[in-house]
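Working notes, beginning with the structure itself.
The values are calculated or read from the model by the stated rules, or taken from the named source; none is laboratory data. All values derive from a computational prediction rather than experimental measurement. Virtual Cβ from ideal backbone geometry, glycine too; neighbours counted across all protein chains shown. Heavy atoms of the whole protein, side chains included, go into the accessibility calculation; ligands, DNA and RNA do not. Shrake-Rupley method; radii C 1.70, N 1.55, O 1.52, S 1.80 Å.
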Amino acid sequence: MFADLTPALKAQMPDLRGKLEANAPTAPLSWFRTGGPAKVLFTPADEDDLAYFLARLDRAFPILVVGLGSNLLIRDQGWEGIVIRLGKSFAEISVEENHRIRAGAAAPDVKVARAAAEAGIAGLSFLRGIPGTIGGALRMNGGAYGGETKDVLVEARAITRSGEKVVYSNADMGFTYRHSAVPDDVIFTEALFEGRAGDRDAILAEMNNITEARSSTQPVNTRTGGSTFKNPEGRKAWELIDAAGCRGLRIGDAQVSEMHCNFLINHGSASAADIEALGEEVRKRVLATSGVTLEWEIKRVGRP
């Protein structure tokens, strides 16, 4: 347990409208359902409230922004800082002219894909294959099934660590494979995407194909964190893991998926340490058999 900082924070920020919670459990915030407490969990009321909070927060406090937690492993000793979770006010989706769609950073990728399809906007169906939020897609240049965030992003709104509201163009984002160059302490709040004219029924059919492909090849109904490792250039991580004999490998209740071996699964009582140790063992065996050092795609945070 950490010291309760919420009284001091409330005193520093008398006009704060969002919710502050001390020693908040983080396991419910992650698809792995593991992790220790957060020193403080903050749920801002809206963008102005978030800017107000950041402008008055001591820069020494580390910040972690959590969306759906689909690509996140919080270690067992917890997060000794502020966890910020964007709520419903950051999840709005609206359709605009010129085949554009605006979405809050907390909007699930699948809902944005669905809204685009219903509006006859093609080009965003790949979002159906990403089990996260728009904020995560912006941070990691999320992609799946032949599409990436960089292909459709017009601009992104964000708030800096000092509370300043800024707008990044697509070029400003510095997108590369599963990465953006925007500083880690910048918090995305909204994105504007542009697709192209398309047939609603054809787009929905494409999304259904993605859904079926995911269900038949990935352990989608388990406690997992999505793709564990990035694909090395010209290679596929799952093939390297399989060739290293890691399919089904297990440490406690943590296991390499037998369906898709670039997924790690918590079968119920695995600790974050078990999951991370399993991932490191996979990296060790892949390096020994192929000479390739796999890079984690899952974000691991907190004290080991």
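Within region 177-196, can you find the residues that are out of contact with any Lys or Arg (no Cβ under 9 Å at 6 or more places or on another chain) and open to solvent by 70 Å² or more (accessible area, probe 1.4 Å)? Within region 177-196, Arg196 is the sole residue that qualifies. Residues in region 66-81: is at least one open to solvent by 10 Å² or more (accessible area, probe 1.4 Å), closer than 18 Å to Pro183 by Cα and either without any contact (Cβ under 8 Å) to a residue 40 or more places away in the chain or in a loop (DSSP other than H, G, I, E, B) (or both)? Yes: region 66-81 contains one or more residues that are open to solvent by 10 Å² or more (accessible area, probe 1.4 Å), closer than 18 Å to Pro183 by Cα and either without any contact (Cβ under 8 Å) to a residue 40 or more places away in the chain or in a loop (DSSP other than H, G, I, E, B) (or both). Taking region 144-203 and the strands (runs of 3 or more DSSP E) fully enclosed by it, the elements with 3 or more residues that are under 21 Å from Ser89 (Cβ atoms) and of a type in the set (A, V, I, L, M, F, W, C) are at 153-159, 187-194.
Just a yes or no: is a residue in region 123-138 β-branched (Val, Ile, Thr), open to solvent by 50 Å² or more (accessible area, probe 1.4 Å) and under 17 Å from the mean Cα position of the chain (by Cα)? No - not one qualifying residue is present in region 123-138. Going by what's in this entry, would Lys165 be described as open to solvent by 30 Å² or more (accessible area, probe 1.4 Å) and either under 26 Å from Ala3 (Cα atoms) or touching a residue at least 40 places away in the same chain (Cβ under 8 Å) (or both)? So Lys165 fits the description; yes. In the condition set (1) in contact with a strand residue (DSSP E or B) (Cβ under 9 Å, 6 or more places away or on another chain); (2) at pLDDT 95 or above; (3) open to solvent by 50 Å² or more (accessible area, probe 1.4 Å), Glu97 is compliant with all but (1).
Return yes or no: is Ala91 free of Cβ contacts under 8 Å to residues at least 60 places away in the same chain and open to solvent by less than 30 Å² (accessible area, probe 1.4 Å)? In short, no. Within region 37-50, is even one residue over 21 Å from Ser271 (Cβ atoms) and among the basic types (Lys, Arg)? No, because not a single residue in region 37-50 is over 21 Å from Ser271 (Cβ atoms) and among the basic types (Lys, Arg). Taken as a whole, the condition of being without any contact (Cβ under 8 Å) to a residue 40 or more places away in the chain, open to solvent by less than 50 Å² (accessible area, probe 1.4 Å) and out of contact with any Asp or Glu (no Cβ under 7 Å at 6 or more places or on another chain) does not apply to Asp58. Tally the residues that are over 16 Å from Arg85 (Cα atoms) and open to solvent by 40 Å² or more (accessible area, probe 1.4 Å), restricting the search to region 6-22. Residues in region 6-22 being over 16 Å from Arg85 (Cα atoms) and open to solvent by 40 Å² or more (accessible area, probe 1.4 Å): 7 in total.
Assess whether Ala156 counts as being surrounded by fewer than 18 Cβ atoms within 10 Å (Cβ to Cβ) and at pLDDT 95 or above. Here the answer is no, as Ala156 does not meet what is asked. All of Ser269, Ser290 fail the test of being of a type in the set (Gly, Ala, Ser) and either under 16 Å from Gly226 (Cα atoms) or surrounded by 16 or more Cβ atoms within 10 Å (Cβ to Cβ) (or both), apart from Ser290. Kindly indicate whether any position in region 216-238 is more than 23 Å from His179 (Cβ to Cβ), of a type in the set (S, T, N, Q) and touching a residue at least 60 places away in the same chain (Cβ under 8 Å). Taking every residue of region 216-238 in turn, none turns out to be more than 23 Å from His179 (Cβ to Cβ), of a type in the set (S, T, N, Q) and touching a residue at least 60 places away in the same chain (Cβ under 8 Å). In region 186-209, the residues that are without any contact (Cβ under 8 Å) to a residue 40 or more places away in the chain form Cβ pairs under 6 Å with partners that are among the small types (Gly, Ala, Ser) and buried (at least 18 other Cβ atoms within 10 Å of the Cβ), at six or more places apart or across chains, as follows: Val186/Ala158.
Scanning region 23-42 for residues being open to solvent by 20 Å² or more (accessible area, probe 1.4 Å) and part of a loop (DSSP other than H, G, I, E, B) gives a total of 3.
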